[in-house]
Amino acid sequence: MDTRKRTFLKAILWNLLGLASMALVGFLMTGSVALGGGMAVANTLIGLTCYIVYERVWSRISWGRIGGGHV
């Protein structure tokens, strides 16, 4: 199981990549840096929260792991 720090760092780095791509898409779709950036920030905060919860839940499930739990 990953530590909470590792899960959090992975989530932050992944979401920074997502933030950059969403900001670009938001800008291209709206023509507005402010609106596109706002959309990207909102999406990133939602995605970050969901990712952390998702990873922590799956870290407690042993099913499907080699040498751990039921297959």
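The values are calculated or read from the model by the stated rules, or taken from the named source; none is laboratory data. Predicted, not measured: the structure shown is a model, and the values here were computed from it. Neighbour counts are summed over all protein chains in view; Cβ atoms, including those assigned to glycine, are modelled from backbone coordinates with ideal geometry. Please note that ligands, DNA and RNA were not included when accessible areas were found on the heavy atoms of the full protein model with its side chains. Shrake-Rupley method; radii C 1.70, N 1.55, O 1.52, S 1.80 Å.
Here's the yes/no breakdown for (1) under 16 Å from Ala11 (Cβ atoms); (2) open to solvent by 90 Å² or more (accessible area, probe 1.4 Å); (3) touching a Leu at 6+ places or on another chain (Cβ under 8 Å); (4) not in a loop (DSSP other than H, G, I, E, B):
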{"position": "Ala23", "(1), (2), (3), (4)": "no, no, no, yes"}
{"position": "Met29", "(1), (2), (3), (4)": "no, yes, no, yes"}
{"position": "Ala34", "(1), (2), (3), (4)": "no, no, no, yes"}
{"position": "Met39", "(1), (2), (3), (4)": "no, no, no, yes"}
{"position": "Thr44", "(1), (2), (3), (4)": "yes, no, yes, yes"}
{"position": "Tyr51", "(1), (2), (3), (4)": "yes, no, no, yes"}
{"position": "Arg56", "(1), (2), (3), (4)": "yes, no, no, yes"}
{"position": "Ile61", "(1), (2), (3), (4)": "no, no, no, no"}
Legend entry - the range 8-22, residues that are among the hydroxyl-bearing types (Ser, Thr, Tyr) and either within 9 Å of the chain's Cα centre (by Cα) or within 22 Å of Ser59 (Cβ to Cβ) (or both): none
Inset, instruction - Please indicate, with yes or no, whether at least one residue in the range 48-56 is within 13 Å of the chain's Cα centre (by Cα), polar (S, T, N, Q) and modelled with pLDDT of 90 or more. - result: yes
Legend entry - Pair list, Cβ < 6 Å and 6+ apart or interchain, from the range 21-37 residues that are without any contact (Cβ under 8 Å) to a residue 24 or more places away in the chain to residues that are surrounded by fewer than 12 Cβ atoms within 10 Å (Cβ to Cβ): Phe27/Val33
